[in-house]
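In what follows, a structure is listed as structure tokens, so that the remarks can point back to it.
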Amino acid sequence: MSASRWRPEAPYNDLPPIPGAEVLETRPVLRACVEARAALAGLKQAAQLIPDQAILINTLPVLEAQASSAIENIVTTADKLFANLNTEGKADPATKEALRYRRSLMEGYAALAHHPLTTRTAEMVCTTIKGVDMSVRKVPGTKLANAATGAVIYTPPEGESVIRSLLADWERFLHSERDLDPLIRMAAGHYQFEAIHPFTDGNGRTGRVLNSLFLIQEDLLDLPILYLSRYIIRHKDDYYDLLIDVTRHGAWEPWLLFMLEGVRETSDWTLLKIQAMKELAETTAARVRSELPKIYSRELVDVVFSQPYCRIENLVQAGVAKRQAASRYLKLLVKMGILTERKAGREKLFLNSALLDLLAEGSS
């Protein structure tokens, strides 16, 4: 079945393989790829200059989790996510699901040290996101429909053996087509994964986690900090329209250009955020050193930046101070205006409000 013979109501078991360089590497795509690679390299370098990588790990993946979940209409706030980062069980259902996305990203990142991206990785990621065991679909009946009209837009392949065979081809493309730029492989591979639609639910979020993991696997980033879902949610209709246009018309170039522009724009945005976070941390450290020299340590400042919703035990666990002294340190930072104290049940939280404001969408 070719794209021209594709029918939305029929399982697309003859999903074509991803084409080669003669189709994917058009002149506009190669130009866009150069720009995206340069922006991504700048982001990677900036991240390497942050002494405490936990500052990035505990902030940017949270924003990615919020946006990627919102694409699927799972809506929560960054405030709720940061507040429940270490107390997931107390969160509301939407916040729990977004936090599981963040956890799947971090667990996938850790797994790369042991094995490359495979179908097994996708199953692990989707299982973590959904909170139940998720393996490749075994039964028919999965269809994608227009939310407003109910009309079937796309019926993915059916049959476990068919799906696993298509996923094996997807794996080979990601790992074997070394002549294609990895960003082109990421974008084309993302389309193919979404077209295979291997799970009953969670495919979009799983695919977006795999994008981040692939960039790390290909050494384009060291950490899962590319906030690509920010771009996708701002262009959500285009994202879905361009995906289905590859299926309908074999329209690869517009899809690839969309994704490459997303990498470029998001890399630039994330780079500016990292630079601002670094400057804020340095300014804060200088203030604490000057005004509270008896309690100052760089480790203290790093904790309140790596934990925007800081708890007394965060300082204790980091070895900054014992519990009583840690409480006193945090209260002194509140008096300075660096932190804001908030009560959450019996617990006291100490918010790094300036950092949280900086992470907000419109700030710089």
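Quick look at the values:
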{"item": "Output for the range 342-364, where each listed residue is in a strand (DSSP E or B) and modelled with pLDDT under 95", "result": "R342, K343, A344, E347, K348, L349"}
{"item": "Residue match in the range 284-305 (condition: assigned to a helix (DSSP H, G or I), charged (D, E, K, R) and buried (at least 18 other Cβ atoms within 10 Å of the Cβ))", "result": "yes"}
{"item": "Any hit, the range 271-281, residues being modelled with pLDDT of 95 or more, of a type in the set (V, I, T) and either assigned to a helix (DSSP H, G or I) or closer than 30 Å to Y12 by Cβ (or both)", "result": "no"}
{"item": "Total residues in the range 176-202, condition more than 20 Å from S135 (Cα to Cα) and at pLDDT 95 or above", "result": "9"}
{"item": "Extreme residue, surrounded by the most Cβ atoms within 10 Å (Cβ to Cβ), among residues of the range 319-364 that are under 26 Å from the mean Cα position of the chain (by Cα) and small (G, A, S)", "result": "A354"}
{"item": "Residue among D179, D133, D201 that is surrounded by fewer than 18 Cβ atoms within 10 Å (Cβ to Cβ) and closer than 23 Å to P224 by Cβ", "result": "D201"}
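The values are calculated or read from the model by the stated rules, or taken from the named source; none is laboratory data. Source: prediction; values computed, not measured. We place every Cβ from the backbone using ideal geometry, glycine too, and count neighbours over all the protein chains shown.
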